[in-house]
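These notes are about the structure you will find just below.
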Amino acid sequence: MSPEKFNLTVPEAILRAGYDKPTEIQLQSYSIINSGADLYAVAPEGNGKTIAILMTIIRKLKMAHEKAPRALVLVADKEKALAMEKLFRRFSEDTDLRSDCIYDSKDIQDQIDELYEGTDVVFATPKRLHTIFLQNGVNINKLQMFIVDDASIVIKNGHKVVIHRLQASLPRCQKLVFTEEMTDRLIEATEELMPFAKIVEIEE
């Protein structure tokens, strides 16, 4: 796909923000993601993985619907969760899509209440997501996308158990893993979750 054709699929708010030149990871992963297949997207920092995640969510969900989240994004830490949600709100300003951000240092009951009010996208740190999940505080039955960003860091930080607990309960949905590197620990943690995943790998 040419960059010109690709840009026809990009949410207008992202283009207005200056992201009008797609990166290789965005171009090469587009058709796979659009087909509904599971994907490992591997590229060094600065190659547009976060933008690829956000444009994928906005493009697929389009508008608010029901109360349960349809996209869940697992990230390494609170700072990344807050940064991604901030960008998501900016890029989805032409839609009515709703988002929530759950992380360890915020009151857990407040977060459960916010999720109960209704959301389309959840950005979550592993430990807090796990706690809320065990308390039946998040409904994952409507998920269309389960996404792990900075996946090698998430696994390195000891959160493999969250992946394993979730995979037993996830409905049939698309799984997307974005990472700077493919490691044996990452493959071991996710191969049961997405055994037939495609791989797109961009080098420096």
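This model, with +1 at the C-beta of Lys and Arg and -1 at the C-beta of Asp and Glu, gives the chain a dipole about its Cα centre of some 480 debye.
In order along the range 78-92, the Karplus-derived 3J(HN,Hα) couplings, from 6.51 cos²θ - 1.76 cosθ + 1.60 at θ = phi - 60°, round to 4, 4, 5, 4, 5, 5, 5, 5, 4, 5, 4, 4, 5, 6, 9 Hz, and Gly and Pro are given as x.
Counting pairs of alpha carbon atoms under 8 Å apart in space and at least six apart in sequence, what relative contact order in percent does the range 3-201 give? Could you put the intermediate results ahead of the total?
Values: 338 pairs, mean separation 57.3, N = 199.
Reported relative contact order: 29 percent.
Taking 0.36 nm per residue of sequence separation and removing the Cα-Cα distance, the GLN167/ASN141 pair yields an extension gain of 8.1 nm.
Between amide H atoms placed 1.01 Å from N, distances below 5 Å from ILE202 occur with VAL42, ALA43, all of them 5 or more places distant or on a separate chain.
What are the GluC sites (Glu not before Pro) within the range 122-197 that DSSP puts in a loop, where the Cβ has at most 11 other Cβ atoms within 10 Å?
Numbers: sites: GLU180, GLU181, GLU188, GLU191, GLU192; in loops: GLU180, GLU181, GLU191, GLU192.
Sparse-neighbourhood loop GluC sites (Glu not before Pro): GLU191, GLU192.
Where in the range 24-109 are there trypsin sites (Lys or Arg not before Pro) that are in a DSSP coil and have at most 15 other Cβ atoms within 10 angstrom of their Cβ? Here the trypsin sites (Lys or Arg not before Pro) that fit, given the DSSP loop and packing criteria, are LYS62, LYS67, LYS106.
If you take the beta carbon distance between SER105 and GLU180 as r and set R0 to 35 Å, what does 1/(1 + (r/R0)^6) give as a FRET efficiency, to the nearest 0.05? Numbers along the way, then the final one.
Working: r = 26 Å, r/R0 = 0.73.
So, using R0 = 35 Å, E works out to roughly 0.85.
If you take the Cα centroid of the range 148-170 and the Cα centroid of the range 80-128, the two points sit 18 Å apart.
Taking amide H as placed 1.01 Å from N in the peptide plane, the amide H of LEU170 sits under 5 Å from none that are at least 5 places away or on another chain. I need the shape label for the range 1-65. Rule: rounded when a/c is under 1.5, else prolate if a/b > b/c, else oblate, with a, b, c from the alpha carbon gyration tensor. Judged from the Cα gyration tensor, the range 1-65 comes out rounded (a/c under 1.5).
The convex hull drawn around the Cα atoms of the chain, when projected onto a plane and averaged over every direction, covers 10.5 nm².
Bear in mind these aren't lab numbers, they're just calculated from the coordinates by the rules spelled out. Given the structure is predicted, the values throughout are model-derived calculations rather than measurements. Don't worry about glycine lacking a Cβ; one is built from the backbone with ideal geometry, like all the others, and counts go over all protein chains shown.
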